[in-house]
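The values are calculated or read from the model by the stated rules, or taken from the named source; none is laboratory data. Keep in mind it's a predicted model, so treat the numbers as computed, not measured. Using ideal geometry, Cβ is built from the backbone for each residue, glycine included, and neighbour counts are taken over all protein chains shown.
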Amino acid sequence: AMTTKGNYRHFMLKEIHEQPVVVAQTLQSYLRPVEAKVALPQMDFDLSAVERVVIVACGTASYVGMIGKYWIESLARLPVEVDVASEFRYREPVLDGKLLGVVVSQSGETADTLAALQHMQAAGVMTAGIVNVPTSSMARTVDLLLPTHAGPEIGVASTKAFTCQLAVMAALAVNLARAKGRLDGDAERELVAHLTEVPAYMNTALAAEAAIEAVAHHVSQARDVLYLGRGPEYPMALEGALKLKEISYIHAEGYASGEMKHGPIALIDDSVPLIVLAPSGPLFDKTVSNMQEARARGARVILISDAAGIAEAGEGTVATIEMPSVHPLIAPLVYAVPIQLLAYHVAVLKGTDVDQPRNLAKSVTVE
Ligand code: G6P
């Protein structure tokens, strides 16, 4: 079937709005609600034998790898290494031992990621691939295909493929945790419940669009924008900055909140919007204290948090964007929505070609 924009102005906006449906679709093929279990497709290797995980990807998909590291390390207590595919092969990675190699790719054709996959297989590593296009080179090459069901993604800047990749990465993390004896039935039941709620929370996040559009006016005039987050929200800060760069051509950087004082704080003045991703939870206070350091130096803070977080730290910000209150595991899936919408509305204000940004390709098939 031909893919159309429907009533949306751009494919990207349509794809952002499709997320509750396609993430639900993706989760459906991994969640077993009756048994309260997260399942993976049949495989002929034993996950309980895995002693280390290596995740390789490019661009937005590489941030799924970074978030996967937090999830797999905390849930399964397995060491995880993440690298961008263009660096991976050339640093002579150590691939001994009982390794699971994971590639993440929307297209399944990105040349560097495919080469990294072939490199791992040549070294005898078992490989899994979180891939959106089931007929792609990567899908046909991996030992274990973990499909995303995002449907065709037309906008060059990845949105719905990203959140579907996160959903599958979470499913992989839960399966590794069970296989490693780190997850009992009750804990798994609870994680299944949280994952099941993701599409509804994404809908709530989408309902903040008008507020986000208003915030876009604070950002569209800026020359530089900083994004901060801690823990799994650190890769989300990187993703927020990447989305903004890709489609609005505004220079943006994502930083781990605690690293800001080791460099980027020098950039801060009252012309720099600082976008802080800070869901309530164990990392909230530390992130907020980093935010206050920046605010004291004039930064124009835009705080993305839940009602409790905004009540606690919203004072003195130029704007707040309210998200539903969610379990830390699923926060990246929900917080993806406001950062995508913000980049989108800034790009629209700037009048750029949102779906076909200059110099970028949907699928990069040269190394
Ligand atoms: C291109 C796209 C990005 C994407 C990256 C990886 O650079 O513009 O949006 O994240 O490739 O693509 P893949 O198909 O491997 O996920």
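Quick grid of which residues meet (1) surrounded by 16 or more Cβ atoms within 10 Å (Cβ to Cβ); (2) within 16 Å of the ligand (Cβ to nearest atom); (3) charged (D, E, K, R):
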{"residue": "ILE268", "(1), (2), (3)": "yes, no, no"}
{"residue": "LEU303", "(1), (2), (3)": "yes, no, no"}
{"residue": "ILE310", "(1), (2), (3)": "yes, no, no"}
{"residue": "SER325", "(1), (2), (3)": "yes, no, no"}
{"residue": "LEU333", "(1), (2), (3)": "yes, no, no"}
{"residue": "LEU341", "(1), (2), (3)": "yes, no, no"}
{"residue": "LYS350", "(1), (2), (3)": "yes, no, yes"}
{"residue": "VAL366", "(1), (2), (3)": "no, yes, no"}
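Among the residues of the stretch 199-213, which ones are within 11 Å of LEU341 (Cα to Cα) and either part of a helix (DSSP H, G or I) or of a type in the set (Ser, Thr, Tyr) (or both)? Passing the criteria: ALA205, LEU206, GLU209, ALA210, ALA211, ILE212, GLU213. Here the stretch 42-59 is the region considered, the condition is being modelled with pLDDT of 95 or more and either aromatic (Phe, Trp, Tyr) or assigned to a loop (DSSP other than H, G, I, E, B) (or both), and the residue that is surrounded by the fewest Cβ atoms within 10 Å (Cβ to Cβ) is GLU51.
So GLN121 fits all but one of (1) modelled with pLDDT under 95; (2) more than 30 Å from SER248 (Cβ to Cβ); what number is the exception? Exception for GLN121: condition (1). Taken over the stretch 100-125, the criterion of being more than 11 Å from the ligand (Cβ to nearest atom), free of Cβ contacts under 8 Å to residues at least 60 places away in the same chain and either surrounded by fewer than 22 Cβ atoms within 10 Å (Cβ to Cβ) or assigned to a loop (DSSP other than H, G, I, E, B) (or both) is satisfied by GLN118, HIS119, GLN121, ALA122, ALA123, GLY124.
Annotation: of all residues in the stretch 29-41 being in contact (Cβ under 8 Å) with a residue 12 or more places away in the chain and assigned to a loop (DSSP other than H, G, I, E, B), the one that is farthest from the ligand (Cβ to nearest atom) is ALA36. Of the residues making up the stretch 1-27, just one is without any contact (Cβ under 8 Å) to a residue 12 or more places away in the chain and either aromatic (Phe, Trp, Tyr) or buried (at least 23 other Cβ atoms within 10 Å of the Cβ) (or both), namely TYR8.
Of the set (1) modelled with pLDDT of 95 or more; (2) farther than 21 Å from LEU329 by Cβ, all apply to MET2 but (1).
Listed here are the residues, each with its yes/no results for (1) more than 24 Å from THR196 (Cα to Cα); (2) in contact (Cβ under 8 Å) with a residue 60 or more places away in the chain.
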| position | (1), (2) |
| --- | --- |
| ILE268 | yes, no |
| LEU274 | yes, no |
| SER280 | no, no |
| GLU322 | no, yes |
| SER325 | no, no |
| LEU342 | yes, yes |
